[in-house]
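K.L.:
Got a structure here, written out as C-alpha cells. Questions coming.
No lab work stands behind these numbers, since they all come straight from the coordinates. From a predicted model like this one, the values you see are computed outputs, not experimental measurements. In this analysis, Cβ positions are derived from the backbone assuming ideal geometry, glycine residues included, and neighbour counts consider all displayed protein chains.
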Amino acid sequence: MATIKPFAAIRPALGLESKIAALPYDVYSSEEARQKVSDNPLLFLNIDRAETQFPVGTSPYEDKVYDKARDLFWSQVKDGIYVKESAPCYYVYELVMDGRSQIGLVACASIDDYANNIIKKHENTRADKEEDRIRHVGTMEAQTGPIFLAYRYNAAIDAEIKKAMANPALYDFVADDGITHRVWVINDAGSVKIIRDAFAGMNDIYIADGHHRCASAVKVGFKKREAKPNYTGDEEFNFFLSVLFPDEQLMIMDYNRVVKDLNGNSADEFIAKLSEIFTIAPQNEAKKPSKKGEIAMFLEDKWYLLSVKEAYQSNDPIKGLDVSVLQDNVLGPILNIEDPKTDKRIDFVGGIRGYEELVKRCHTDSVVAFGMYPTSIQELFAVADASLLMPPKSTWFEPKLRSGLFIHSIKEGDDNE
C-alpha cells in the first residue's frame, strides 16, 4: 500500500506565482540560467541554480553556492515572497499545452515506498547528478523540484479532483512558453481521506520523470534518519515532494537520435545493412512513425521510413522497445555505439524540438538522424513492473512541471501533521 500524504506547502504569495515558477534546473545551461535570472530576479531558478548569484565561472558545486540557495530562499520566505499553508492539504495542478490538459495531484510520497519498490523506477541514476541535488536539498532543508509520478487511473481520486476544480483556482497563469498552469487546494477532511485511502489501496506507483531528484530526496531522508535514531517516521524528511498523474492523461513524446558518422560505412553500405533488419521505404518528405515498430531516418538529405522485420521484434519489455531495437541492431553492431550514455558520437533530441532540429543537426554536426515512435506509458509500466531499466533517453515528457510553485520543508520542528 502506498502512502501519499497531504502537506503544508511553502508556495508563492498570491500574485507572484507567474514570476517565480520556473522550468526544471537541468534544462538550462549556466549561461541560459544567468540570463533568465537577470531578466527576472524572482524566478525560482535563482535558488535552483544559485551559481547565478556569483561571478561567471563560479562552480555550481561550491559550498557557498548551496549556502546561497538556502539563505536566499529562507530570506524570501521571511519577506513574504513565499507563504506557508496553514494546514496540510493536497493540491490539484493542471497544465494545459496546445489545448491538451494534464491534471495531477501534488502531495508527498514515502521514502520507504521508494525503498520497498512500491514506487517503481525505470532508469539508472548518475552519482554526480545525485550528489548535486543531495547537497541542494540537504543544505536548504527543503525539496524544491517535484517528482513526476504516475499511477493507474482511479475513479475515486478523479472524482475528488474534479470536485476541487469546480471551485475558484488558487493560481491561474500562462507562462512565457504558452503553457497554462492552474492550482486548486483540497483541504476538506472527507476529500483528503478518500484520496489518501485510494492511494493506500495501490501497490504500484511509477516514477515518470525525475529519477535523480527522487533518489536524492530519498537519500537525504535516510541520512536524517541516521542522525535521529529515535525518528517516528512521521517527520517530513520521511517524505518527498511529488505530483501524481493518472496514466490515461500522460503524453510521452518521441526522444530522437542523431549520430555524427556512419562508422566507416558509405550511405549505400549503411542502407544495405539496415535492409537486413528493416523494410525501408523512401519518403518524399518527413513522415513521423505512425505506430510501434516504425522509425523515421534522415540521411544525405533524404527521408526514409524503417519498419522492423518480424525476426527482430520481441515481446520482451526491454528488447521489444523501439529504442532497444535501434540500439541492439543498428547503433551497437553497425555504428559501434556500445554505450549511448557516454559515447560522444551520439546525441539525443527531445521530440518537442521537432524534425526540423534533426535536419539542422544533419546539416551541422551529424550525418544521420532517427525519429522514434514514442514509448508508451504502458511500456514504461511493464519495464518497471519487471524491475528492469529502460535504455537511456527513452522517454520525453511534456509539459514540464514547474519548480517553485510548491516547496516541501524538511526542517526539524517544521513538521506539518
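K.L.:
Considering only the other residues whose Cβ falls under 13 Å of the Cβ of A267, what net charge follows from Lys and Arg at +1 and Asp and Glu at -1?
P.N.:
So the surrounding residues net to -3.
K.L.:
Here is a further query. Antiparallel DSSP bridges in the range 252-396: what percent, to the nearest 5?
P.N.:
Counting only bridges with both partners in the range 252-396, antiparallel ones make up about 100 percent.
K.L.:
Hey, can you rank 283-292, 331-340 by average C-beta count inside 10 Å, highest first?
P.N.:
331-340, 283-292
K.L.:
So how strong a dipole does the chain carry about its Cα centre when Lys and Arg Cβ are +1 and Asp and Glu Cβ are -1, to the nearest 20 debye?
P.N.:
Dipole of the chain, to the nearest 20 debye: 300 debye.
K.L.:
Here is a further query. Across the Cα atoms of the chain, what radius of gyration and what greatest pairwise Cα-Cα distance (Dmax) are found, in Å?
P.N.:
22.6, 68
K.L.:
Let me ask something else about it. Run the dipole for the range 108-216 about the Cα centre, Lys and Arg Cβ at +1, Asp and Glu Cβ at -1, nothing else charged, and hand back the magnitude in debye, nearest 20. Could the numbers behind the result be given before it?
P.N.:
On the way: 13 positive and 17 negative charges, 46 e Å.
In debye, rounded to 20, the range 108-216 gives about 220.
K.L.:
At 222 nm, what helix-only mean residue ellipticity would the chain give, in deg cm²/dmol to the nearest 500, using -39500 (n - 2.57) for each DSSP H run of four or more?
P.N.:
Only helices count here, giving -8500 deg cm²/dmol.
K.L.:
For the peptides 405-411, 235-241, what is the packing order when you average, over each peptide's residues, the other Cβ atoms within 10 Å and list the highest mean first?
P.N.:
235-241, 405-411
K.L.:
If you don't mind, there's one more thing I want to ask. With the cut-off at 30 Å, tell me which of the pairs K344/K411; K5/K224; K129/K163 have Cα atoms farther apart than that.
P.N.:
Beyond 30 Å between Cα atoms: K344/K411; K129/K163.
K.L.:
Then there's this: Excluding Q102 itself, calculate the net charge of residues whose Cβ lies under 14 Å from the Cβ of Q102, where each Lys or Arg counts +1 and each Asp or Glu counts -1. Present the calculation step by step, with values, prior to reporting the outcome.
P.N.:
Working: positive: R100, R182, K400, R402; negative: E94, D98, D158, D209, D247, E248, E398.
Neighbourhood net charge equals -3.
K.L.:
While we're on this one: By a straight-distance test (C-alpha under 16 Å), which lysines pair with K292 as possible cross-link partners, with residues fewer than eight away in the same chain excluded?
P.N.:
K309, K319
K.L.:
Taking the Cα centre of each part, how many Å lie between the range 338-391 and the range 80-99?
P.N.:
That distance is 32 Å.
K.L.:
Please arrange W396, W74 by how many other C-beta atoms lie within 10 Å of their C-beta, fewest to most.
P.N.:
W74, W396
K.L.:
As an exercise, use a Förster radius of 41 Å and the Cβ-Cβ distance of I194 and E226 to find the FRET efficiency, rounded to the nearest 0.05.
P.N.:
Taking R0 as 41 Å, the efficiency between I194 and E226 is 0.70.
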